[in-house]
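The values are calculated or read from the model by the stated rules, or taken from the named source; none is laboratory data. Note that the structure is predicted; figures quoted are calculated from it, not measured. Every residue, glycine as well, gets a Cβ built from its backbone with ideal geometry; the counts of neighbours run over all protein chains shown.
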Amino acid sequence: MAQTLLAPSVLAADFANLQRDVTMVNKSQADWFHIDIMDGVFVPNISFGMPVLKAIGTHAEKPLDVHLMIVDPDRYIKTFADLGAAVLTVHYEACTHLHRSLQAIKQHGMKAGVALNPHTPVELLQDVLGDLDLVCLMSVNPGFGGQKFIEQTYDKVRRLANMREQSQSDFLIEIDGGVTSDNAAALKEAGADVLVAGSFVFRSQDPTQTIASLKDLTR
């Protein structure tokens, strides 16, 4: 089994020292930057918009994993491609024509991801499994960092990993929310390929060492 990818969530960084935190991630063992874009409509919070993403992209030396928690994400697909997103993830719950959205993401040269809220069954993705590069399972209710991990996530990961095997697909399974050293190894064991960690990394005494420890747990 390949080593799990780690994507620190910039939402938990110190916005007053954003360049410092981006540099820390660059120099760490992390694999991606995970960047949440929230509109205050799809989720009850507003995060950074295009200018901040552009600033992060200017300094980031690792792929940008951009997670859109917004309504009508189709309007902005080209914009996020232009801003340098390597992976663009839209929410199943926000896309009326999900297949079209995924195709548009790929046409703009990005990897296509879909995110599921905690209450959304993985089985709803059955008809688009072959179009996906990544499935992001929300293991907290989206909108705010620092929430408690939802235990039901393990079962969802296992079910999705089984669907992947049955369909002979090769998308990555990403877990977003409440990831810590207490659950990282178990998530990998269940079938997760990418772990998003926010508060656990950026609010630790030594974020670089915390990232290294998470990587060690998932080797």
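Quick one: in region 104-118, which of the residues that are touching a strand residue (DSSP E or B) at 6+ places or on another chain (Cβ under 6 Å) and in a loop (DSSP other than H, G, I, E, B) is farthest from P73 (Cα to Cα)? Checking each candidate, the answer is P118.
Taken together, the residues in region 142-199 that are touching a strand residue (DSSP E or B) at 6+ places or on another chain (Cβ under 9 Å), farther than 19 Å from Q29 by Cα and of a type in the set (K, R) amount to 2.
A residue that is closer than 26 Å to S213 by Cβ, out of contact with any helix residue (DSSP H, G or I) (no Cβ under 6 Å at 6 or more places or on another chain) and among the hydroxyl-bearing types (S, T, Y) cannot be found anywhere in region 60-81. Scanning region 14-26 turns up at least one residue that is assigned to a loop (DSSP other than H, G, I, E, B), over 17 Å from the mean Cα position of the chain (by Cα) and touching a residue at least 40 places away in the same chain (Cβ under 8 Å). For region 27-53, a tally of residues being among the hydrophobic types (A, V, I, L, M, F, W, C), assigned to a loop (DSSP other than H, G, I, E, B) and in contact with a strand residue (DSSP E or B) (Cβ under 8 Å, 6 or more places away or on another chain) returns 5.
Which ones in region 189-199 are in contact (Cβ under 8 Å) with a residue 24 or more places away in the chain and not aliphatic (A, V, I, L, M)? Answer for region 189-199, where residues must be in contact (Cβ under 8 Å) with a residue 24 or more places away in the chain and not aliphatic (A, V, I, L, M): G191, D193, G198, S199.
Just one of (1) outside any helix (DSSP H, G or I); (2) over 22 Å from D193 (Cβ atoms); (3) among the hydroxyl-bearing types (S, T, Y); (4) touching a Leu at 6+ places or on another chain (Cβ under 9 Å) fails for Y76. It is (1). With respect to being under 21 Å from I46 (Cα atoms), at pLDDT 95 or above and crowded, with 19+ Cβ neighbours inside 10 Å, A197 fits the description.
Matching residues to (1) of a type outside the set (D, E); (2) over 20 Å from H34 (Cα atoms); (3) assigned to a helix (DSSP H, G or I):
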{"site": "D127", "(1), (2), (3)": "no, yes, yes"}
{"site": "G143", "(1), (2), (3)": "yes, no, no"}
{"site": "E151", "(1), (2), (3)": "no, yes, no"}
{"site": "G178", "(1), (2), (3)": "yes, no, no"}
{"site": "S181", "(1), (2), (3)": "yes, no, no"}
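Determine if region 163-174 includes at least one residue that is more than 22 Å from T96 (Cβ to Cβ), small (G, A, S) and exposed (fewer than 15 other Cβ atoms within 10 Å of the Cβ). So far as region 163-174 goes, yes, one or more of its residues are more than 22 Å from T96 (Cβ to Cβ), small (G, A, S) and exposed (fewer than 15 other Cβ atoms within 10 Å of the Cβ).
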